[in-house]
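Take a look at the structure set out below.
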Amino acid sequence: MSSPVEEIVSVTEQLKEVQKALDLFKEKQQKRESASDAAIEFVEKASLVLDRAERKEILLTDDQKRRIRNNLLKIRSSLVRNMEG
């Protein structure tokens, strides 16, 4: 089992990757570029982090989990709108 410091470093790195993917998606969306690839990358990374949290491999606060889920729902809605339009 990893030490608490190693766990914090691991969670921090994973959340940074999720945030980078989200930022890339938002940037592409603002520029009206195709954001599909960025959205897929965010969804994959966020899903992995949430899965690890559910398996208790990493500890996230309820607020962190809620924010990630909300962003997943927003991106999904955006992708559905873009596919319809």
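Pairs of lysines in the chain whose Cα atoms sit within less than 23 Å of one another amount to 24, provided the residues are eight or more positions apart or on different chains.
Against the chain, whose longest principal axis is taken from its Cα atoms, helix 62-84 shows a tilt of about 20°. Taking the Cα atoms only, what angle lies between the long axis of helix 36-54 and the longest principal axis of the chain, rounded to 10 degrees? Roughly 30 degrees between the two axes. Here the chain yields Rg over Rh of 1.04, to two decimals, using C-alpha coordinates and the Kirkwood radius. Given an 8 Å cut-off on Cα distances and at least 6 residues of separation, report the relative contact order of the range 1-54 as a percent. For the range 1-54, the relative contact order is 35 percent. How far, in degrees from 0 to 90, does helix 4-30 lean away from the longest principal axis of the Cα atoms of the chain, to the nearest 10? It works out to around 10 degrees. For the pair Ser47 and Glu6, a Förster radius of 22 Å applied to the C-beta separation gives a FRET efficiency near 0.45, rounded to the nearest 0.05.
Could you give the nm distance between label points at Glu54 and Leu73, where each point is 7 Å from its Cα heading toward the beta carbon? Using points 7 Å along Cα→Cβ, the separation is 1.6 nm. With each label modelled as a point 7 angstrom along the Cα→C-beta vector, the Lys65-Lys28 pair spans 2.9 nm.
Coordinate-derived values only; no laboratory data. It should be emphasised that the depicted structure is a prediction, and the values quoted were computed from it without experimental measurement. Cβ atoms come from the backbone with ideal geometry, glycine included; neighbour counts cover every protein chain shown.
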